[in-house]
Amino acid sequence: MNLTSERAALDVMKRHIDALNALDENSLAQTLHFPHYRLVGSKLHVWPEEKNYLADFHKRAGNKWALSKWDSIDVQESSSDKVHLLVQVVRFDDNDNVIAKFKSLWVITLKGKKWAAQFRSSFAAA
């Protein structure tokens, strides 16, 4: 286990959720490596660049989405350039009602002196 890497990965996750909830497309893109990969069920989604990433999120989350939170983040394994995180994601509507809750595996990597999410495997509804 590598505590420095784990702290960097947790910082990425904080910046990611803050940027997502603020609808800050530029800051959100800074928390991701591109190409970025997301596996839902057996379907692999690839974003070759940051273009359309936030708009695609809105399509996936649905019209009722207003806010997301990490219910939990558990480090599964870490090395000097990679961290695996098991994350419980919760999505809420405008009335703070839960509209989705699922687990997701995030792979945060160090590339070009930048820590960011490279890959996710999610149990979200497709």
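The values are calculated or read from the model by the stated rules, or taken from the named source; none is laboratory data. This is a predicted model, so every value here is computed, not measured. Methodologically, a virtual Cβ is constructed for each residue, glycine included, from the backbone with ideal geometry; neighbour enumeration extends over all protein chains shown. Protein only, heavy atoms only, side chains kept; ligands, DNA and RNA dropped before computing areas. Shrake-Rupley method; radii C 1.70, N 1.55, O 1.52, S 1.80 Å.
The figures follow:
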{"item": "GluC sites (Glu not before Pro) within segment 18-97, DSSP loop, no more than 12 other Cβ atoms inside 10 Å", "result": "Glu49"}
{"item": "Convex hull volume per residue in cubic angstrom - Cα atoms of segment 16-90", "result": "116 Å³"}
{"item": "Projected label distance in nm at Ser80 and Ala125, using a 7 Å step from Cα toward the beta-carbon", "result": "4.5 nm"}
{"item": "Computed over segment 22-111: relative contact order in percent, which uses C-alpha pairs under 8 Å that are six or more apart", "result": "19 percent"}
{"item": "Net charge over other residues, Cβ less than 13 angstrom from the Cβ of Leu44 (K, R count +1; D, E count -1)", "result": "+3"}
{"item": "Angle between the chain longest axis and helix 3-22 axis [Cα atoms, degrees, rounded to 10]", "result": "20 degrees"}
{"item": "Integer Hz, Karplus 6.51/-1.76/1.60 couplings in order for segment 84-92, x for Gly and Pro", "result": "9, 10, 9, 10, 9, 9, 10, 10, 10"}
{"item": "DSSP bridge orientation in the chain - percent antiparallel, rounded to nearest 5", "result": "85 percent"}
{"item": "Prolate/oblate/rounded label for segment 49-126 (Cα gyration tensor, a/c 1.5)", "result": "oblate"}
{"item": "Sites Asp56 and Lys113, calculated FRET efficiency, Cβ-Cβ separation with R0 35 Å, nearest 0.05", "result": "0.80"}
{"item": "Accessible area in square angstrom per residue, segment 1-95, 1.4 angstrom probe", "result": "56 Å²"}
